[in-house]
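Working notes for the structure below.
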Amino acid sequence: VQLQAFGGGLVQAGASLRLSCAASRRTFSAYGTGWFRQAPGKEREFVAAINWSGSTDYADSVKGRFIISRENAKITVLVYLQMNDLKPEDTAIYSCAATPGYGLLRNENEYSYWGQGTLVTVSS
């Protein structure tokens, strides 16, 4: 399964940015997807997840500011992370992940497939 995340960049605090993740849909019909991030010197942490039925879950640090959504195309699925009111502490490498099934998952160990990350830098 190929996952590709893109859309990162350098923005000022308070700005918005949208990350996208493209995933091949042909491998499995039902899946859960998530976004994780890793800041310099820190461990990777959960950001947001969306399951097959469209239910969502967010880390407390981004709740109310970030929105995860999904768009199903014929053979490709796009998963978005709309990030609003960005803060310097949101600076990190953001990665998307996917796994077969119907779960809404926070644990990175439950994801089978990962895309390469995209860097988001928020200046103060």
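Couple of notes before you dig in:
- Cross-link partners of Lys63 among lysines (Cα-Cα below 17 Å; sequence separation of 8 or more within a chain): Lys87
- Euclidean distance between Cα centres, the stretch 32-46 to the stretch 76-110, Å: 8 Å
- Carbon plus sulfur fraction of accessible area for the chain, probe 1.4 Å, in percent: 47 percent
- When each of the peptides 92-101, 109-118 is scored by how many other beta carbons lie within 10 Å of its residues on average, the order from highest to lowest is 92-101, 109-118.
- Taken per residue, the accessible surface of the stretch 18-124 reaches 50 Å², heavy atoms only and a 1.4 Å probe.
The values are calculated or read from the model by the stated rules, or taken from the named source; none is laboratory data. Computed from a predicted model, the values in this text were never measured in an experiment. Neighbour counts are summed over all protein chains in view; Cβ atoms, including those assigned to glycine, are modelled from backbone coordinates with ideal geometry. These accessible areas exclude ligands, DNA and RNA; they are computed on the full protein's heavy atoms, side chains included. Shrake-Rupley method; radii C 1.70, N 1.55, O 1.52, S 1.80 Å.
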